Amino acid sequence: MRHETVLTLDYDDQSDAALVERSLAPEIGDIEGDRTTATLARDGDELRITIDAADLVALRAGQNTWLSLVGVAERCAAAGADASGSR
C-alpha cells in the first residue's frame, strides 16, 4: 500500500512562490530514496509538494524533510529581501 501527502503552500505573490520553487527544485532528485519520492509543482502563487511513500514511517520522514527544506528556503528568501530592502 502506498501513502501520499500533498503540501500546498500559498505565497503573497508569484515571485515568492517561484523563489521557493527554485530553491527546492534541485533537491527533488537528490534526496529521494527507495521508499519515498517527491514532486514539485507551482501554479501562480501556490506551490505543491507531493510526497509518495511505501509506508507511514517513510511518509513521516519525507514530510519532515520537505517541511524543513521549505522553512530554510523561506528564511533565506526573507533574509535576502531584508538585505536588499525590498520588503
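The values are calculated or read from the model by the stated rules, or taken from the named source; none is laboratory data. As the structure is a computational prediction, the values presented were derived from the model and not from experiment. FYI the Cβ positions are ideal-geometry reconstructions off the backbone, even for glycines, and counts take in every protein chain you see. Protein only, heavy atoms only, side chains kept; ligands, DNA and RNA dropped before computing areas. Shrake-Rupley method; radii C 1.70, N 1.55, O 1.52, S 1.80 Å.
So, of the residues in segment 7-36 that are hydroxyl-bearing (Ser, Thr, Tyr) and open to solvent by 60 Å² or more (accessible area, probe 1.4 Å), which turns out to be nearest to Gly71 (Cα to Cα)? In this case the residue turns out to be Thr8. Could you list all residues from segment 2-28 that are without any contact (Cβ under 8 Å) to a residue 24 or more places away in the chain and more than 13 Å from the chain's Cα centre (by Cα)? Result: Ser15, single match.
With respect to the conditions (1) assigned to a helix (DSSP H, G or I); (2) modelled with pLDDT under 90, Arg87 falls short on a single one, namely (1). Just name the residue that is nearest to Cys76 (Cα to Cα) out of those in segment 29-65 that are part of a helix (DSSP H, G or I) and touching a residue at least 24 places away in the same chain (Cβ under 8 Å). For segment 29-65, the residue satisfying everything is Thr65.
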